[in-house]
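J.: The structure under discussion is supplied below as structure tokens; questions concerning it will follow.
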Amino acid sequence: MYARSLLALSSFGPLLASAADCTREFLKETADNLLAAQEAGDPSLLKPVSDALVYHQNFAEAKVESGILSTAIKIEHSRHSLDTTQCATYTEIVSATGPTPYVIGTQMFFTDGAVSKIDTLVTTTGDWLFNATGTLYWASREDWGTIPEEERDSREVIQAAADAYLDIFSDKSVVVPWGYPCSRLEGGMYTGTGGPDDKCDVGIPSGVSLTNRRYVIDETVGAVSVFLSFAALPDSHEFRVEKGKLRYVHTITVMNTQGKSRGRRNVRSRLAQPPQ
Ligand SMILES: *[C@@H]1O[C@H](CO)[C@@H](O)[C@H](O)[C@H]1NC(C)=O
């Protein structure tokens, strides 16, 4: 019985991508399918998807068929991170000029060569510092390009830089590897001008715990996407790390969640002052 099922499995071998087959090409193709699905408003264009897909939108369990992918959105900027170690992707999407502006961040995790979990954050007008025009303007001027192999940081160094930044919200004694220059794009607000004097060590709120972190790491571009709970809010922090130091920070924070008004008020008062 056992031998027979093994035999049956092995005869399907070429169709099933194992972890070893989780190549950048495969991840890119699937993440590109996500963009195609989003542009068409047709979730069926996202493939391959597992029958056991778990879909979360703004940290609430939902149906992919009725989620954001069922809305056709004009994509004006997008960027993928591809994590072949975990078999996962992160995609940032900006749509500034359509009837509804959006900034969307999506983590996808794969099992047996198919998308088995999608975690997506959808922000629009009313979300924290939201300004898709600003996001589009600044995000498309930044360089998140491939880092030469000999200059790349390890996954551990990249994640440690992100964690240090996230920890400083609750512990000011943490040493953060600030890069200079460094720029933060939060909602649609930029902490700098895109020039050599931009700094990230400005205006970080205190007394907030950033918990339940889920990482997608792409060493080839020094990028780490972290989905987390920012107090009560669904949040994405993404970092570009160069030579162990922070170069860019992008945040997406959902305020428009249902039934969470108390948490929202608390966090809003803590975040009342944008960084300067
Ligand atoms: C949004 O960002 C753009 C580009 O940076 C800026 O010109 C505009 O004033 C911003 N809008 C708001 C409402 O802040």
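The values are calculated or read from the model by the stated rules, or taken from the named source; none is laboratory data. Since the structure is predicted, the reported quantities are computational estimates derived from the model, not experimental observations. No Cβ is skipped: glycine too gets one built from the backbone with ideal geometry, and neighbour counts run over all protein chains shown. These accessible areas exclude ligands, DNA and RNA; they are computed on the full protein's heavy atoms, side chains included. Shrake-Rupley method; radii C 1.70, N 1.55, O 1.52, S 1.80 Å.
J.: Using the C-alpha gyration tensor of the chain, what are the square roots of 5 times its eigenvalues, in whole angstrom, with the largest one first? Display every interim value, and only then the final one.
T.: On the way: eigenvalues 201, 100, 66 Å².
Its equivalent ellipsoid spans semi-axes of 32, 22, 18 Å.
J.: Angle, helix 155-167 long axis vs. longest principal axis of the chain, Cα atoms, 0 to 90°, nearest 10?
T.: The angle comes out at about 40 degrees.
J.: Would you mind working out the accessible area per residue for the chain, using a 1.4 Å probe, and quoting it in Å²?
T.: Value returned for the chain: 47 Å² of accessible area per residue.
J.: Report in % the part of the accessible area of the chain that belongs to carbon and sulfur, leaving out ligands and nucleic acids; probe 1.4 Å. Intermediate results must be reported in sequence, preceding the final value.
T.: Details: 6810 of 12970 Å².
C and S fraction of accessible area: 52 percent.
J.: Answer with one residue from Leu185, Phe230, Leu246: the one whose Cα lies farthest towards the positive end of the charge dipole of the chain, charges on Cβ with Lys, Arg +1 and Asp, Glu -1.
T.: The residue sitting most towards the positive pole is Phe230.
J.: Rank these by accessible area, largest first, 1.4 Å probe: Phe109, Phe227.
T.: Details: Phe109 40, Phe227 0 Å².
Result, largest first: Phe109, Phe227.
J.: Looking at segment 31-134, which trypsin sites (Lys or Arg not before Pro) are in a loop (DSSP not H, G, I, E or B) and have at most 14 other Cβ atoms within 10 Å?
T.: Filter output for segment 31-134: Lys63, Lys74.
J.: If you average 1/r over every pair of different alpha-carbon atoms in segment 147-271 and take one over that average, what Kirkwood value in Å do you get?
T.: Evaluated over segment 147-271, this radius sits at 15.0 Å.
J.: Which value does Rg/Rh take for segment 96-197 over its C-alpha atoms, Rh per Kirkwood?
T.: Here Rg/Rh amounts to 1.00.
J.: Still on this model: Percent relative contact order of the chain, based on C-alpha pairs within less than 8 angstrom and at least six residues apart?
T.: Normalised by residue count, the contact order of the chain is 16 percent.
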